[in-house]
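Before we start, here is the structure in question, set down as structure tokens.
Coordinate-derived values only; no laboratory data. Predicted model, so just to flag it, every value in this text is computed and none were measured. Note that each Cβ is placed from the backbone with ideal geometry, even for glycine, and that neighbours are counted across all protein chains shown.
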Amino acid sequence: MPENQIVLQGPVPDAVSAAFLPLEMLIGAGGAAASPAANHYQRHPLSIAQTGQAIARVLVPEAIELGPNVQLSADGREVVATVCGQVRMSGKRIWVEEVLEIAGDVDFSTGCIEYKQDIIVRGSVLDLFKVTGGGTVRVGRAVEAAEVRAALDLLVAGAIAGKEKGRCFAGRNLKAKHISNATLEAGNDVIAKTEITHSRIICGGRLRVDHGALVASHVTANAGVCCGVLGCTSESETLVEAGMDEFLRRLSLASIPKLQADLKQIEKIQQTVKPLMYNQKSLNPAQKEKATELLCLASDMEEGNRQAIELLQRRSDEAAARSKPEIVVGHSVCAGVTVRFPGLEATIPSPMKGPLRIFPRRVLAEPRIMVSSDDHRKPFALQTRRWSDEAMDALSRVLPGRVSTVAS
Amino acid sequence: MRVLLVDDSGTMRNIQKRVLAALGQVEIAEAGDGVEALSQIASSPQPFNLILIDWNMPNMDGHALVLRIREKDKVTPLIMVTTEAEKSRIIAAIKAGVNNYVVKPFTPQSLLERVQQTLEKKLAA
């Protein structure tokens with residue numbers, strides 16, 4: 001017989017001081033965490049509630065305190081979130097915060113973040129992690145070789161150092177102190193405080209590095225570019241496209257081939273059905289049903305095409321309204337930089353001192369890329385080449401008279 | 001609005017469904033022949049607001065179906081949608097009680113116009 005051993009010691013609980021849980025949580029850590037298949041990047045410890053979701057069962061009603069954005073269910077047995085957000089508890093208080101705040105870095109301790117509203121990351125977003133926000137995303141330090149998507153603004157206090165893998169997307173503006181080796185897309189402006197190097201930048205608005213350098217990068221900015229220094233003396237290529245909307249270009253490339261194929265198909269159907277419609281009496285029932293099918297198919301395709309053309313027209317008008325084909329440089333432009341405007345291209349032949357402005361203009365009916373600067377009394381022309389843009393050429397054929405380029 | 005589509009061709013019923021979708025909120029029931037249509041009408045908790053009927057179907061054809069429906073129901077609008085284009089057939093269908101007659105091949109627009117015309121007449125009556 002073994003000797004008696006003490007495994008637990010302490011006062012006997014009584015009815016008054018017995019330990020209790022005032023709430024039983026009904027939602028746990030993030031969805032991906034619950035899945036054994038999720039990898040370590042996807043796991044996160046955050047409890048995210050949807051609007052109207054029961055987040056906790058009330059065990060001891062008098063021992064809980066409801067904070068903002070929560071209420072009791074009609075029967076008083078559950079705590080329900082009144083907004084979508086992060087569930088927080090402190091002592092006996094429970095509440096939901098609309099803004100998701102990460103106190104440190106986005107790393108293995110947080111996993112990848114996907115949230116329907118604003119996100120604040122106090123630290124950095126580390127390599128290979130993803131942050132997706134339905135509102136504005138603020139990053140207190142840096143974005144490394146990570147992917148960050150914000151439906152509204154993306155505001156990075158430090159650098160976006162993409163290491164050739166970093167990708168950032170913002171529905172509106174994208175701001176950072178320094179951008180290097182990254183791919184960036186923004187619906188409106190991209191603003192960098194000090195420098196942009198070795199990056200691909202696409203923006204529907206203006207690209208601004210007001211006092212810094214734009215170096216060894218490929219930029220497409222619909223509302224123009226403004227920078228301190230453009231290009232560098234090394235052989236790294238700098239290409240700046242101003243007054244051109246890359247998003248419209250992509251939409252055209254994606255939708256116009258299908259549109260043209262559908263038009264051909266519609267024409268073919270019409271050629272097949274037209275003679276049959278003139279001679280309906282000679283058709284047997286099966287042929288009549290087939291003809292109906294073809295007519296309906298053509299009608300559906302016509303409707304699809306009408307909608308696609310409407311979308312292209314709307315986007316084209318929006319892009320044209322925002323287009324500002326100009327490059328403004330405060331300090332200097334290096335030789336070798338290629339500048340493009342709709343239908344035109346030129347390479348800077350020799351270094352130029354700023355402040356200066358590069359823009360397209362018709363000179364004696366001939367489209368030219370011009371430079372105006374304080375050093376020259378009159379604007380002078382750069383050696384200008386025609387530049388053919390397959391997507392925009394196709395778009396001008398679909399929307400004749402709506403897509404204008406300086407060259408046309 | 002509740003509509004019953006009676007046609008032995010699933011493709012044709014799908015075409016009619018797509019056309020009727022332009023009317024907005026439409027609840028659609030389908031039958032592959034006249035017998036199935038009668039059973040749907042009998043078991044339906046609410047009366048149909050419109051019935052589209054093909055002429056040539058197995059078990060019970062569209063003409064016979066119209067006659068059977070009109071024995072009990074004189075008000076539900078019925079549209080014959082058929083390949084039968086002869087005058088005698090059209091007259092027979094109208095005599096049986098159809099409110100409108102659409103000959104295949106039709107375009108989606110022409111079918112929609114006939115449906116709207118029929119429903120407007122019904123409302124005005």
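Hey, does region A:296-315 have a residue that's exposed (fewer than 15 other Cβ atoms within 10 Å of the Cβ) and not in a helix (DSSP H, G or I)?
Taking every residue of region A:296-315 in turn, none turns out to be exposed (fewer than 15 other Cβ atoms within 10 Å of the Cβ) and not in a helix (DSSP H, G or I).
Quick grid of which residues meet (1) buried (at least 17 other Cβ atoms within 10 Å of the Cβ); (2) over 25 Å from B:ALA21 (Cα atoms); (3) not aliphatic (A, V, I, L, M):
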| residue | (1), (2), (3) |
| --- | --- |
| B:ASN49 | no, no, yes |
| B:ASN59 | no, yes, yes |
| B:GLY62 | yes, no, yes |
| B:LYS72 | no, yes, yes |
| B:MET80 | yes, no, no |
| B:LEU111 | yes, no, no |
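Which members of region A:205-242 meet the condition of being more than 10 Å from A:VAL337 (Cβ to Cβ), touching a Gly at 6+ places or on another chain (Cβ under 7 Å) and not in a strand (DSSP E or B)?
Passing the criteria: A:ARG206, A:ASN222, A:ALA223, A:GLY224.
Write out, first by first residue and then by second, each pair whose Cβ atoms fall under 6 Å of each other, whose residues are 6+ apart or on separate chains, and whose first residue, in region A:68-97, is within 15 Å of A:MET25 (Cα to Cα) while the second is hydroxyl-bearing (Ser, Thr, Tyr) and not in a strand (DSSP E or B).
Listed pairs, sorted by first residue: A:GLN71/A:THR82; A:VAL80/A:SER73; A:VAL87/A:SER47.
Then there is this: For region A:209-230, which residues satisfy the criterion of being under 25 Å from A:GLU318 (Cβ atoms), without any contact (Cβ under 8 Å) to a residue 40 or more places away in the chain and surrounded by fewer than 24 Cβ atoms within 10 Å (Cβ to Cβ)?
Residues satisfying the conditions are A:HIS218, A:THR220.
Just wondering, is there one or more residues in region A:255-267 that are surrounded by fewer than 22 Cβ atoms within 10 Å (Cβ to Cβ), of a type outside the set (Phe, Trp, Tyr) and assigned to a strand (DSSP E or B)? If you could, list the steps in order and put the result at the bottom.
Looking only at region A:255-267, we keep the residues that are surrounded by fewer than 22 Cβ atoms within 10 Å (Cβ to Cβ), and these are A:255-267.
Pick out the ones that are also of a type outside the set (Phe, Trp, Tyr) and you get A:255-267.
Next cut, assigned to a strand (DSSP E or B) only: none.
There is no residue in region A:255-267 that is surrounded by fewer than 22 Cβ atoms within 10 Å (Cβ to Cβ), of a type outside the set (Phe, Trp, Tyr) and assigned to a strand (DSSP E or B).
Considering only helices (runs of 4 or more DSSP H) fully contained in region B:1-112, which possess at least 3 residues that are away from chain A (no Cβ under 13 Å)? Reasoning before the result, please.
Working: elements: B:10-20, B:34-43, B:62-72, B:87-96.
Correct list: B:34-43, B:62-72, B:87-96.
Applying the selection to region A:235-292, what residues are of a type in the set (Ser, Thr, Tyr) and more than 8 Å from chain B (Cβ to nearest Cβ)? Step through it out loud before you land on a result.
Narrowing region A:235-292 to residues of a type in the set (Ser, Thr, Tyr): A:236, A:238, A:252, A:255, A:272, A:278, A:282, A:292.
Those that are of a type in the set (Ser, Thr, Tyr) and more than 8 Å from chain B (Cβ to nearest Cβ): A:SER236, A:THR238, A:SER252, A:SER255, A:THR272, A:TYR278, A:SER282.
Residues that are over 30 Å from A:ILE179 (Cα atoms), at least 2 per element: which strands (runs of 3 or more DSSP E) completely within region A:36-152 meet that? Write out each step before concluding.
Details: elements: A:54-58, A:70-72, A:78-81, A:85-90, A:93-97, A:100-102, A:113-115, A:119-121, A:130-133, A:137-139, A:147-150.
Once the strands (runs of 3 or more DSSP E) in region A:36-152 are filtered for at least 2 residues that are over 30 Å from A:ILE179 (Cα atoms), what remains is A:54-58, A:70-72, A:78-81, A:85-90, A:93-97.
Let me ask another. For region A:293-325: of the residues being hydrophobic (A, V, I, L, M, F, W, C) and within 14 Å of chain B (Cβ to nearest Cβ), which is nearest to the chain's Cα centre (by Cα)? Full working, then the answer.
Taking region A:293-325 and keeping what is hydrophobic (A, V, I, L, M, F, W, C), we get A:294-298, A:301, A:308-309, A:311-312, A:319-321.
Now restrict to residues that are within 14 Å of chain B (Cβ to nearest Cβ): A:294-298, A:301.
On the way: A:LEU294: 40, A:LEU295: 40, A:CYS296: 38, A:LEU297: 35, A:ALA298: 35, A:MET301: 30 Å.
Per the criteria, the residue is A:MET301.
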